[in-house]
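The values are calculated or read from the model by the stated rules, or taken from the named source; none is laboratory data. Keep in mind that what you see is a predicted model, and the values were worked out from it rather than measured. Reconstructed Cβ throughout: ideal geometry from the backbone, glycine too, with neighbour counts over all protein chains shown. These accessible areas exclude ligands, DNA and RNA; they are computed on the full protein's heavy atoms, side chains included. Shrake-Rupley method; radii C 1.70, N 1.55, O 1.52, S 1.80 Å.
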Amino acid sequence: MIKGFVLSAVLTLLISGCHAAPPDAAQVRQPRVTFEKGVFSINGKHARIGATTAEWISALGTNYRYADPKSADMIIWDELGIFIYTDLPGKDQVSSVAFAFHKNPDNHLDLPATAQDIRPRRTFTGEVVIGGARFNGDMEMGDIPAASNMTFEVHCSKGIAICTTNRVDGTSRGYSIYFTVDEKRYQSLPYTIEISRALE
């Protein structure tokens, strides 16, 4: 479940190179974040989906803020362009992680007027690598299958600004990947990419 979509409307999340470039042909972007078996590697540090907020603060630093000062269910690192959702106050664990490749346009109908306040103030300019597939903010959604050497496929919803990507072999590996997009859908750049635990 996308907590950002439920709480504020839509928030989401990867693959690489520019426009269908093979992974080994595109320039590596920094910072480079890798995600394997539930673990993110960021600047030499590691943090897991399902870990405590302390583990993520250790990995990303103490320069963060809460989207709502009265609640710890969303934590934002403005300088990094990264934000996380937690299960607080019920349980201190991180349920999903998102990277803001672009700021949403002001006329984005799926986001309320206050939505920009709950996004990082700066964008994430690097790349996220999942299973060897590289995701960045310059690739169109329709580029993902070719850019991932046909490892991933893309599905964009009608009526809501969300696309999902799935492994072609049908295995989720226990995680879901979502993107916030605009009305161009398959021709849209990803505004955010969000990685969360797959629904049981």
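Of 97, 28, which residue is in contact with a Phe, Trp or Tyr (Cβ under 7 Å, 6 or more places away or on another chain) and either closer than 27 Å to residue 144 by Cα or at pLDDT below 90 (or both)?
On the way: 28 fails: in contact with a Phe, Trp or Tyr (Cβ under 7 Å, 6 or more places away or on another chain).
Result of the check over 97, 28: 97.
Can you say whether residue 194 is more than 18 Å from residue 98 (Cβ to Cβ), in contact with a helix residue (DSSP H, G or I) (Cβ under 8 Å, 6 or more places away or on another chain) and buried (at least 18 other Cβ atoms within 10 Å of the Cβ), as far as the supplied structure shows? Let's see the steps before the verdict.
Numbers: more than 18 Å from residue 98 (Cβ to Cβ): no; in contact with a helix residue (DSSP H, G or I) (Cβ under 8 Å, 6 or more places away or on another chain): yes; buried (at least 18 other Cβ atoms within 10 Å of the Cβ): yes.
Criteria not met by residue 194.
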For residue 150, the lone unmet condition from (1) part of a strand (DSSP E or B); (2) open to solvent by 30 Å² or more (accessible area, probe 1.4 Å); (3) of a type in the set (A, V, I, L, M, F, W, C) is (1)
The one condition residue 177 fails out of (1) open to solvent by 70 Å² or more (accessible area, probe 1.4 Å); (2) in a strand (DSSP E or B) is (1)
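Got a number for residues in the stretch 34-76 being of a type in the set (Gly, Ala, Ser) and part of a helix (DSSP H, G or I)? It would help to see each step written out before you state the result.
First, pick out the residues of the stretch 34-76 that are of a type in the set (Gly, Ala, Ser): 38, 41, 44, 47, 50-51, 54, 58-59, 61, 67, 71-72.
From what's left, part of a helix (DSSP H, G or I): 54, 58-59.
Total meeting the criteria: 3.
Taking into account only those residues within the stretch 156-172 that are assigned to a strand (DSSP E or B) and farther than 11 Å from residue 144 by Cβ, which is least open to solvent (accessible area, probe 1.4 Å)? It would help to see each step written out before you state the result.
Initial filter on the stretch 156-172 (assigned to a strand (DSSP E or B)): 156, 162-167.
Now narrow it down to the ones that are farther than 11 Å from residue 144 by Cβ: 162, 167.
Working: 162: 10, 167: 36 Å².
Selected residue: 162.
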Open to solvent by less than 70 Å² (accessible area, probe 1.4 Å), touching a helix residue (DSSP H, G or I) at 6+ places or on another chain (Cβ under 7 Å) and either among the charged types (D, E, K, R) or modelled with pLDDT under 95 (or both) - does that describe any residue in the stretch 32-54? yes
Quiz item: Does residue 117 satisfy being of a type outside the set (S, T, N, Q), part of a helix (DSSP H, G or I) and modelled with pLDDT under 90?
Solution: yes
### Residue check, residue 143 over 12 Å from the mean Cα position of the chain (by Cα), crowded, with 16+ Cβ neighbours inside 10 Å and not in a loop (DSSP other than H, G, I, E, B)
yes
Within the stretch 69-107, restricting to residues that are in contact with a Lys or Arg (Cβ under 7 Å, 6 or more places away or on another chain), open to solvent by less than 10 Å² (accessible area, probe 1.4 Å) and among the small types (Gly, Ala, Ser), the one that is nearest to residue 42 (Cα to Cα) is 81
